[in-house]
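Scroll down for the structure; my scribbles are underneath it.
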Amino acid sequence: MGTVYITQDDAFIGKTDERLTVKAEKKNLLDVPLIKVDGVVVFGRATVSPAVVFELLSRHIPLTFLTGTGRYLGRLEPEVTKNIFVRSAQWKAAGESEMAIHLVRGFVRGKLKNYRTILLRREREDSQLDLQSHVKRLEGAIAPLDKTNSIASLRGLEGAGSAAYFGCFNQLIKSSKFQFEARRRRPPTDPVNALLSLGYSLLRHDVQSAVNIVGFDPYLGYLHLERYGRPSLALDLMEEFRPLVVDVLVFSAVNKGQLSPDDFITEPLSGAVSLTKDGLKIFLRLYEEKKQSKFKHPVMGVQHTYQEAFEIQARLLAKYLMGEIDKYPPLVIR
């Protein structure tokens with residue numbers, strides 16, 4: 001089962017014996033053994049019984065709340081793990097330390113190299129595409145990384161590489177029914193941006209869960225600036241996964257016709273675009289399938305799912321901060 005997604009407004013989330021149940025309008029929507037659940041994500045309004053809250057906390061299962069359109073609201077999770085040594089090492093590296101610069105360099109390298117891989121793959125798949133100018137701009141942002149020794153400058157390279165990538169994003173969309181002009185988030189004003197924002201919210205839930213399992217303080221990061229309530233470390237670790245999990249999923253959903261313009265609605269006042277209930281169910285199913293797909297992990301050397309890779313990368317990060325390995329290896333797929 002993995003993550004349980006609850007999309008029905010005013011649903012009641014309850015517990016019967018060792019099973020999680022979801023009901024709405026006097027109908028049973030879900031009945032699943034709790035042992036198969038590793039996360040619960042609620043879209044919109046729902047009532048959660050005290051018994052479920054107790055059970056989720058006891059089993060270390062995070063409960064995340066999103067708006068009906070997929071914007072992150074907050075989460076309920078158990079006490080952080082007792083591994084104070086990981087958090088101590090994390091805090092010691094804070095600021096402009098050598099370890100922090102190394103980690104930021106790794107996060108940015110992983111993200112930009114995966115961007116580059118996606119562009120090269122699309123060129124191989126479609127001989128009519130010419131993305132070389134954008135690939136060269138990406139390579140121009142990747143090349144100076146090893147010699148860049150300030151976090152602000154590394155952020156600048158990340159921004160330059162992202163601009164090169166999103167500058168050709170529309171060319172990666174084969175369906176004439178969808179267009180992408182620029183990255184717009186608050187709110188997303190077109191279907192492609194709506195899918196990206198929703199996908200990144202789901203990815204945040206999963207990566208933050210992995211960060212918590214390993215024992216980190218999710219709010220102290222290195223690439224992302226500290227801000228009240230922002231899980232900066234989870235956002236840092238997300239960077240290398242954004243193109244591999246969410247972007248690839250969005251391309252597949254629109255290019256293969258798994259979603260159509262009819263699966264989206266527009267808010268009259270704000271212009272915000274979001275998925276319909278049926279469209280949301282399709283996207284959540286595709287996201288779960290993507291998380292469970294396997295690839296050969298370049299460090300571990302064996303097949304793993306992306307769901308497993310979230311925790312693997314968090315543990316590699318901990319090993320680096322604890323001095324057990326010399327370098328943090330970002331997840332880079334070729």
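Some observations on this one:
- Single match in Gly14, Gly70 (criterion: touching a strand residue (DSSP E or B) at 6+ places or on another chain (Cβ under 9 Å) and within 21 Å of Arg285 (Cα to Cα)): Gly70
- Tally of residues being surrounded by 21 or more Cβ atoms within 10 Å (Cβ to Cβ) and more than 17 Å from Ile173 (Cβ to Cβ) across region 243-274: 3
- For region 38-59, taking the residues that are touching a Ser or Thr at 6+ places or on another chain (Cβ under 8 Å) and not in a loop (DSSP other than H, G, I, E, B), the one that is farthest from Glu18 (Cα to Cα) is identified as Phe43.
- Hey, Thr7 outside the structural domain of Arg204 (by TED's automatic domain parsing), closer than 30 Å to Leu196 by Cβ, under 18 Å from the mean Cα position of the chain (by Cα) and among the polar types (S, T, N, Q) or not: no
- Any hit, region 34-57, residues being crowded, with 19+ Cβ neighbours inside 10 Å and of a type in the set (D, E, K, R): no
- Being β-branched (Val, Ile, Thr) and under 24 Å from Arg334 (Cα atoms) is a description that does not apply to Ile265.
- Within region 31-56, residues that are acidic (Asp, Glu) have Cβ atoms under 7 Å from residues that are at pLDDT 85 or above and part of a strand (DSSP E or B) in these pairs: Asp31/Arg19; Asp31/Thr21; Glu55/Lys15, counting only partners at least 6 apart in sequence or on another chain.
- Residues located in region 282-299, provided they are of a type in the set (Phe, Trp, Tyr) and crowded, with 16+ Cβ neighbours inside 10 Å: Phe283, Tyr287
The values are calculated or read from the model by the stated rules, or taken from the named source; none is laboratory data. Keep in mind that what you see is a predicted model, and the values were worked out from it rather than measured. Positions of Cβ are generated from backbone atoms using ideal geometry, with glycine treated the same way; all protein chains shown enter the neighbour counts.
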